[in-house]
Every structure is written in C-alpha cells, then in structure tokens.
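K.L.:
Can you keep this structure in mind? I'll have questions shortly.
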Amino acid sequence: MTEHEYNRIVKTYMDIVYRVALSYTKSRQDAYDVVQNTFFNLYRKAPDFTDEEHVRKWLIRVAVNEAKNLWGSFWKRNVDSLHQLLEQGAEIVHEGNAQNGIEEQLTEGNVVRTAVMELPKKYRVVVHLYYYEEYSTKEIAELLQERESTVRTRLARGRTLLKGRLKEVWLDEDE
Amino acid sequence: MKTNKEIYKNAFDEVHAPAELFGKVEVSQMEHVKRRSFKGLRIAVSAFAALLFLVVVSNGICYAATGDTWITKVKVIIDGKETEADMTWHQEGDYMVGTIEYEVPEGREIFVCDEEDVDGNSEIEYNTPGLTEGRLEVENDRIYLVVEDSKVDITEDFTDGEATGSIELAGVQYVYTVTGTAEDYDVSFDVEE
C-alpha cells in the first residue's frame, strides 16, 4: 500500500470509522482512540484489499474490535452518567462540527442521536450498521462475529426502544 | 414522508470526525507511534543476548517513512537494576527488525519495559529468539492457535475477541494472548512467571 493510497483511505473512510466508534463507545475520547488504533492497524498491516467494499468492511470490523477492547477501561472510568448520555447527541455534533467550522443547529437529528445513544451498546452498533451503513443482518453478523439470529433480535429490540423514545418521529416497521 | 433509514442517515450525516483526527493518523504520526511503541517482553537468555524485535510494516509506507537505520533507547531491567540500551532498527524486506545486544550473566532474565507512545498505544508485533510467530487456523468451525508444532483449541475463549492461555515450547512455558478475529488477529507471547 502506498502512502498515497493510505491517505486516500483515511480521507474517504474517516467519518465512517468515527461514527461506528461513537455508536459503540458513546465517548468522543474513546472514539478518537478507536479511530487512531483502527488506522494504525491499516498502516501496520496494509491488507491487500480487493475493492472498496472490502476496505469499508475491514475498517468497520477492526473499529468494532478496537472498541470492544476499550470497553473495559471505559466502564472503569465511570463516565457513563445519565447526564452525559442525555447531552451526548448534541455534544458529539457540537465538538466535531465546531472544529470543522460548521455552525451547530439543534435539529431532529439531535433528538435521534440522543435516542440512539441511550440504547444499550449491543443494540446500538447493530442499529447503526443497519440504518446508516445499510448492511443486511447477515453482513452485520459477519462483521460482529455473531449469529444472524442474534443480530435480528438485537435489531428488533433496538427498533422497539427507538420507537418508544422517538414516538411519531420513528415509523413502525415490519420485523 | 421520510423512511427510518433516511431519518437515521440525516441524523448521523451531521456527525463528522474532528479535523484534528486527520492529523493524528497521517503517515508521519503513524511513524511516530510505530517507533515509540514496544511491548513487554521477558525471555531467558544465555551469556550474550541479542534480542530481536520483528515488526511487520507495509511495503510502501515503510520505504516512504523509514529510510535508513535508526536507533531508539529502551529501558532494560536486569536483576531489578534499570539501565538503558540502544535498539537498532533496520529494514529487511517487508519487515523492520530491531536488535538489542546486551551482555548478561548466564541464566538471567531480561525484561524490556513497555514504552508507550503519547496516546498510550503499546502494540507492536515481535518475535523472540526460538519462538516463531503464532497463527490461527480454522478447522470444522473450531479455531486453533498454532505455534511451531503445538496446537491449542481457543474457540470458546476467543468468542469475545481475546484468548489467553499457557503453552509450552522447547521446555519454556509461555503465556499467549490472541486478540481480534479468526481472520484478522494479533498473537503475542510472554514467558510465564
């Protein structure tokens, strides 16, 4: 992998990896670490990718694994307070966009993000990979090294919880 | 009316990685991390020890970022006394090899301390003398750690992405740690206390 190709992948997939990391850790600082470790793995291992989808799946799988590795220390730091959770949706966008020069506005998106961040971890990642990355439950199962039936269950429960929190914003769906 | 996917995408399209993160994963920063990261290693040595650290790096980036041989300082503890040694790095094909040469009494152990980068990362692959790199093999839905002639079934232990255990090689008891997935993993060893 050339330096040019590495930098292209970083530029193309940074936001994707960052969102996956956030959806798992709920912590911006942990997401930073996950992103750095993920791209360090890319730099160090330089896999022989076959196409762009291969790149995307590889990065997401590594990011999830890195997030899992961080999870223990995350709990030890006791940062998962209710107050932080409620503010998480706005803070995530506020900090990232402020650094990127984008003016923040409170939107429906903030309400949705907050509801997503309140989901239990095991539902959050599945929901994100399904609704944002548009992976099938089979593909998510492969990425997370879980059974597809487990992924389906988590997705269904995540939807139910989101519907309960978002009410009219979130539509009823067939399971 | 928007679908749930559209609602979700709109919400998370507003989330972007901070610009400072791009700077942290530039090639120059990766090189900094790679140079300063060492993993703890304890090995039994003979009268004159040459400790070899074998680091896998990518071809293109390696050539672009490293160039010539360089030397880094590492802490070495012998019989509880800490001292500093030079680790000389050079490129051999697709690998970076770091070497420390240090004279110690026969039968003593050397422990090369963790040296973490500024972000706390301490992850580099290495080989120790007499211990080849472990690999994972999948057979009949079982995952095995294979090291030289030894084979350990880690299937259950590895379900959460990490497996640790003990393995004996050439009369020495090692603790192995496997992290990642069956397709993409890291294996490291320490001599058991």
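K.L.:
Collect residues whose amide H, placed 1.01 Å from N in the peptide plane, falls under 5 Å from the amide H of residue B:169; neighbours closer than 5 in sequence don't count.
P.N.:
It is B:174, by chain and number.
K.L.:
Here is a follow-up. Taking 32 Å as the cut-off for C-alpha to C-alpha distance, list the pairs among A:26/A:167; A:26/A:138; A:45/A:138; A:138/A:163; B:24/B:151 that go past it.
P.N.:
Working: A:26/A:167 22 Å; A:26/A:138 25 Å; A:45/A:138 26 Å; A:138/A:163 23 Å; B:24/B:151 39 Å.
Over 32 Å apart, Cα to Cα: B:24/B:151.
K.L.:
While we're here: Determine the shape class of the range A:119-165: with a ≥ b ≥ c the square roots of the Cα gyration tensor eigenvalues, call it rounded for a/c under 1.5, and otherwise prolate if a/b is greater than b/c, oblate otherwise. Present the calculation step by step, with values, prior to reporting the outcome.
P.N.:
Values: a/c = 2.02, a/b = 1.59, b/c = 1.27.
It comes out prolate by the Cα gyration axes.
K.L.:
Spin-label point model (7 Å from Cα, Cβ direction): what's the residue A:152 to residue A:51 distance in nm?
P.N.:
Once both label points are built, they end up 2.6 nm from each other.
K.L.:
Leaving out ligands, DNA and RNA, calculate the buried accessible area for the pair A and B with a 1.4 Å probe, summed over both sides, in Å² to the nearest 100.
P.N.:
Values: alone 10280 and 12160 Å², together 17590 Å².
Using a 1.4 Å probe, the pair buries roughly 4900 Å².
K.L.:
With θ set to phi - 60° and the Karplus curve 6.51 cos²θ - 1.76 cosθ + 1.60, what are the ³J(HN,Hα) couplings of the range B:142-151 in order, to the nearest whole Hz, using x for Gly and Pro?
P.N.:
10, 10, 10, 8, 10, 10, 6, 8, 9, 9
K.L.:
May I ask you to derive the FRET efficiency for residue A:136 and residue B:166 from their Cβ-Cβ distance with R0 = 41 Å, giving the value to the nearest 0.05?
P.N.:
Details: r = 40 Å, r/R0 = 0.98.
Calculated transfer efficiency: 0.55.
K.L.:
Using modelled amide H (1.01 Å from N, peptide plane; none on Pro or chain starts), what sits under 5 Å from the amide H of residue B:155, excluding residues fewer than 5 places away?
P.N.:
Under 5 Å from the amide H of residue B:155: B:143.
K.L.:
Using label points projected 7 Å from each Cα along Cα→Cβ, tell me how many nm separate residue A:7 and residue B:140, to one decimal.
P.N.:
5.2
K.L.:
I've got another one for you. If you find the alpha carbon centre of the range A:135-157 and of the range B:144-182, how far apart are they in angstrom?
P.N.:
What the calculation gives is 27 Å, centre to centre.
The values are calculated or read from the model by the stated rules, or taken from the named source; none is laboratory data. From a predicted model like this one, the values you see are computed outputs, not experimental measurements. All Cβ positions, glycine included, derive from the backbone under ideal geometry; neighbour counts span all protein chains shown. Surface areas here come from the heavy atoms of the whole protein model, side chains and all, with no ligands, DNA or RNA. Shrake-Rupley method; radii C 1.70, N 1.55, O 1.52, S 1.80 Å.
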